[in-house]
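First comes the structure, then the notes that go with it.
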Amino acid sequence: MGFFIFGRDPPSMKKKHISFELQIFEDSSELSQMEQNLLHQADAARLNAYAPYSKFKVGAAVLLENGEVVIGNNQENAAYPAGLCAERVAVFQAGAKYPGVAIKCLAISAGSELMENTEPAAPCGNCRQSIVEYEQKQETPIPILLKAQNNIVFRCPSMADILPLAFNGSFLGDS
Ligand code: THU
């Protein structure tokens, strides 16, 4: 085994390169009206985040196929792991209120109260894992907009793009 780690690759070894296109906007005004509107709702939700420990506030807004928008923000707790990220608050609430309705877009606005973040923050691994399951369930990509407080926006075409080799129910025998 050590030979293959430190020695030459065997000729039979296959390689797969995984990449995705991250779209970068210098200002949110470059986005479509729909996207700007969703980001505004994420911005507004961010202001109501309960983040007394990290002082890192995050707001999320989910646009559904039926036109409804569901928002969320991070909810912290003195027992730190008991809190929940903004993205999951929003997506879980959307699933609870509108079960089976596809998500068209997810906008996230994040930023620290203690420092200036120069780039948008991307969802944590747990959120990626949770949300990629909704993407697989609805069989259409969920585009993600990530906004920093300096107005720079990253757009990811889908959640699967930022969670390559995701674990999913197929490993458990589900289809
Ligand atoms: N947080 C989110 O709400 N979303 C993210 O994508 C990253 C982190 C929250 C969790 C916690 O309340 C705070 O930000 C600092 O980690």
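The table that follows gives values for the structure above.
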read-out: Per-selection Rg to Rh, the range 23-163 - Cα, Kirkwood hydrodynamic radius; value: 0.94
read-out: Highest-MSF residue in the chain out of Lys16, Lys137, Lys104 [GNM, Cα springs under 10 Å]; value: Lys16
read-out: Pairs of Cα atoms farther than 13 Å apart, the range 20-84, %; value: 68
read-out: Whether the range 58-128 is rounded, prolate or oblate, judged on the alpha carbon gyration tensor where a/c under 1.5 counts as rounded; value: oblate
read-out: Exposure proxy ranking, count of Cβ atoms within 10 Å, fewest first, for Val101, Val58; value: Val101, Val58
read-out: Exposure proxy ranking, count of Cβ atoms within 10 Å, fewest first, for Ile162, Ile24, Ile108; value: Ile24, Ile162, Ile108
read-out: Pairwise FRET efficiency - Arg8 versus Ala102, Cβ, R0 = 41 Å, nearest 0.05; value: 0.30
read-out: Relative contact order for the range 92-175, counting Cα pairs under 8 Å that sit 6 or more residues apart, in percent; value: 31
read-out: Exposure proxy ranking, count of Cβ atoms within 10 Å, fewest first, for Lys57, Lys97; value: Lys97, Lys57
read-out: Lysine-lysine proximity count for the chain, Cα under 20 Å, sequence distance 8 or more or distinct chains; value: 5
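Read the figures in this text as sums done on the coordinates, not as results from a lab. These numbers come from a predicted model, not from an experiment. Methodologically, a virtual Cβ is constructed for each residue, glycine included, from the backbone with ideal geometry; neighbour enumeration extends over all protein chains shown.
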